[in-house]
Amino acid sequence: MTRRRVVVVGGGIAGLAAAHRLVEHAQAGAPLDVVLLEATEQLGGSVGSVRTGGFVLERGADSMITDKPWGVALCERLGISDRLIGTREGERRTAVVHNGRLHPLPEGFLLMAPTAIWPVATSRLFSFGGKLRMALDLVLPRRRESGDESLAAFVRRRLGSEALERVADPLVGGIYTADPERLSLAATMPRFLELERRHRSVVLGLRSTTTVARGSAGARYGLFVAPADGLGSLVEAAARPLPEGVVRLRTPAEPLAREGDRWRVAAGGQRFDADAVVVATPAFTAAAVLGAIDDVLARALAGIEYASSATVTLGFRAPDVAHALVGFGFVVPFSEGRPLLACTFASRKYPGRAPEGHELLRAFVGGARRPDLVELDDTTLVRTVRDELRGLLGITADPMLVRVDRHRRAMPQYAVGHLDRVDAIEARVAALPGLALAGAAYRGVGIPDCIHSGELAADALVERLGRG
């Protein structure tokens, strides 16, 4: 039986998932040789953990959501599902900065809309007029137009400007480090689109379809999990079964070429002739890699914009900050004019993130609307964050641990019309035998989405090779 070579370009979580899946196929009898090319010196992309002095610091994402099952399923196949832990119970809630002060997000408020009326009615986060405007969702008709709509337009139309500015903008816009005026509702929050279609009222739809734990507000924290020793252990566990020689670090791929029915992949001074290729890089890198193959495809890929962000992680002695930490953290509306996007109390969100008697905080800056902040030097960036924490939380103590992580052009922006663009990209890819794309640029930015995209790409290529 003829052996086939598949090259995976990009060793982020999607490319790693693709390589792992291909090796699983090989172990099950498929005649495959797999090569994974990663331009940097480590796998995982922005996903990784740093463990120091009893602290567990995440370089990027800190959670997976379980209602998208692909992350947990991979952990089960890797034998690490028993190490997954959930968020701490009891304080699964978020605060919102308004007029320079922290206000609890009303109980039962999920991302963009409330599931309960009384907590909103008694909240100081919204004005009386803002509360009445939210209540109008109960009687407003469905939208008649069928085209894509921005997240901002949807929330403003259903729930009003205060719900947008004080909740949806910082919560959902913060997830994507994006401007909600440009963010596609269909690509980012299709559940809310479906709620309006099925139930007319978003509030009534949420009430009839969602079970909300008492005392929770913000994201669906009860669905969040992570390995006890950090998400970096998922990267490590996925890389461990890959046979020797599969992973090639510090090996950036050059533009791909076709020779007959095979792919020519040049990288790091080496040449890898391949029967199939998974390109699991950011879209702008994929555009450069595929430019010589299909310039229309390359232009479409290059058209997906990206935002940059930075994380400042601070470790403190608990007595210096414990008075200020309630819930899992806070988010900051853009209308507040502050440099922070949000701050997560990491040691309150998950157990084991800080040693006994200490707390760990992660502050987020930058995004699509403040890219300048990412370029501040470390000293200025840390000082900016500490000034904000002093003003908002009253934390004046010096941190005993400081880390800055920058993620330049790391978050794809799902602008209005994104799904149409992805459909067009996928149609061009389908016309190129032995090619698949994977990663956060297309149909989901979360870790489970990226894992799923990598595994789908691997499965599709194995099926095509088996037919060839």
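The values are calculated or read from the model by the stated rules, or taken from the named source; none is laboratory data. As the structure is a prediction and not an experimental result, all values here were calculated from the model. All Cβ positions, glycine included, derive from the backbone under ideal geometry; neighbour counts span all protein chains shown.
Inspect all residues belonging to region 446-453 and state whether any of them is in a helix (DSSP H, G or I), among the aliphatic types (A, V, I, L, M) and either in contact with a Lys or Arg (Cβ under 8 Å, 6 or more places away or on another chain) or assigned by TED's automatic domain parsing to the domain that holds L22 (or both). There is at least one residue in region 446-453 that is in a helix (DSSP H, G or I), among the aliphatic types (A, V, I, L, M) and either in contact with a Lys or Arg (Cβ under 8 Å, 6 or more places away or on another chain) or assigned by TED's automatic domain parsing to the domain that holds L22 (or both).
Every residue, every condition in (1) out of contact with any Lys or Arg (no Cβ under 7 Å at 6 or more places or on another chain); (2) assigned by TED's automatic domain parsing to the domain that holds L110; (3) not in a loop (DSSP other than H, G, I, E, B), yes or no:
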| residue | (1), (2), (3) |
| --- | --- |
| P319 | yes, no, yes |
| S347 | no, no, yes |
| A368 | yes, no, no |
| V374 | no, no, yes |
| T380 | yes, no, yes |
| V402 | yes, no, yes |
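For region 105-164, a residue qualifies if it is assigned to a helix (DSSP H, G or I) and of a type outside the set (A, V, I, L, M, F, W, C), and the qualifying residues are P119, G129, G130, K131, R133, D137, R156, R157, R158, S161, E162. Considering only region 257-289, state which residues are without any contact (Cβ under 8 Å) to a residue 60 or more places away in the chain, closer than 20 Å to G12 by Cβ and touching a Leu at 6+ places or on another chain (Cβ under 8 Å). Across region 257-289, the qualifying residue is only A287.
Of all the listed residues (L57, L37), the sole one being buried (at least 23 other Cβ atoms within 10 Å of the Cβ) and either within 26 Å of L223 (Cβ to Cβ) or at pLDDT below 95 (or both) is L57.
Among the candidates R428, R383, the residue that is in contact (Cβ under 8 Å) with a residue 12 or more places away in the chain, surrounded by fewer than 22 Cβ atoms within 10 Å (Cβ to Cβ) and basic (K, R) is uniquely R428. Scan region 23-79 for residues that are free of Cβ contacts under 8 Å to residues at least 12 places away in the same chain, in the same structural domain as I447 (by TED's automatic domain parsing) and not small (G, A, S) and the total you get is 1.
Among residues of region 132-164 being free of Cβ contacts under 8 Å to residues at least 24 places away in the same chain and not aliphatic (A, V, I, L, M), the one that is farthest from T188 (Cα to Cα) is R144.
For the residues A346, A318, A307, the requirement of being surrounded by fewer than 19 Cβ atoms within 10 Å (Cβ to Cβ), within 30 Å of F364 (Cβ to Cβ), among the hydrophobic types (A, V, I, L, M, F, W, C) and in contact (Cβ under 8 Å) with a residue 12 or more places away in the chain singles out A318. If you take the residues of region 287-329 that are touching a Pro at 6+ places or on another chain (Cβ under 8 Å) and among the hydroxyl-bearing types (S, T, Y), which of them is nearest to Y221 (Cα to Cα)? For region 287-329, the residue satisfying everything is S308. Applying the criterion of being within 14 Å of V47 (Cβ to Cβ) and not aliphatic (A, V, I, L, M) to the residues of region 62-82, the residue that is surrounded by the most Cβ atoms within 10 Å (Cβ to Cβ) is G71.
For region 254-284, taking the residues that are among the aromatic types (F, W, Y) and assigned to a strand (DSSP E or B), the one that is surrounded by the fewest Cβ atoms within 10 Å (Cβ to Cβ) is identified as F272. For region 94-102, check the following and say yes or no: at least one residue is among the basic types (K, R) and more than 19 Å from F328 (Cα to Cα). There is no residue in region 94-102 that is among the basic types (K, R) and more than 19 Å from F328 (Cα to Cα). Checked against the criterion of being modelled with pLDDT of 95 or more and within 20 Å of the chain's Cα centre (by Cα), region 316-323 has no qualifying residue. The number of residues in region 288-299 being hydrophobic (A, V, I, L, M, F, W, C) and surrounded by fewer than 21 Cβ atoms within 10 Å (Cβ to Cβ) comes to 4.
So that you can scan it fast, the table gives a plain yes or no per residue for (1) within 19 Å of V172 (Cα to Cα); (2) at pLDDT 90 or above; (3) not assigned by TED's automatic domain parsing to the domain that holds L164:
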| site | (1), (2), (3) |
| --- | --- |
| I85 | no, yes, yes |
| H98 | yes, yes, yes |
| L111 | yes, no, no |
| W118 | no, no, no |
| T122 | no, yes, no |
| L132 | no, yes, no |
| P141 | no, yes, no |
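Of (1) closer than 30 Å to L419 by Cβ; (2) among the hydrophobic types (A, V, I, L, M, F, W, C); (3) at pLDDT 95 or above; (4) under 21 Å from the mean Cα position of the chain (by Cα), A237 satisfies all except one. Which? All conditions are met except number (1). So for region 239-247 (the condition being buried (at least 18 other Cβ atoms within 10 Å of the Cβ), in contact (Cβ under 8 Å) with a residue 24 or more places away in the chain and closer than 26 Å to G291 by Cβ), does at least one residue qualify? Yes: region 239-247 contains one or more residues that are buried (at least 18 other Cβ atoms within 10 Å of the Cβ), in contact (Cβ under 8 Å) with a residue 24 or more places away in the chain and closer than 26 Å to G291 by Cβ.
For A298, the criteria (1) without any contact (Cβ under 8 Å) to a residue 40 or more places away in the chain; (2) closer than 19 Å to V96 by Cα; (3) touching a Gly at 6+ places or on another chain (Cβ under 7 Å) hold in every case but one, which is (2).
If the condition is being crowded, with 24+ Cβ neighbours inside 10 Å and either out of contact with any strand residue (DSSP E or B) (no Cβ under 8 Å at 6 or more places or on another chain) or not in a helix (DSSP H, G or I) (or both), then region 172-183 contributes T177, A178, P180, L183.
Scanning region 126-148 for residues that are acidic (D, E), surrounded by 11 or more Cβ atoms within 10 Å (Cβ to Cβ) and either out of contact with any Lys or Arg (no Cβ under 9 Å at 6 or more places or on another chain) or under 22 Å from L102 (Cα atoms) (or both) gives a single hit, D148.
Against the numbered list (1) part of a loop (DSSP other than H, G, I, E, B); (2) surrounded by fewer than 17 Cβ atoms within 10 Å (Cβ to Cβ); (3) not β-branched (V, I, T), R93 comes up short only at (2).
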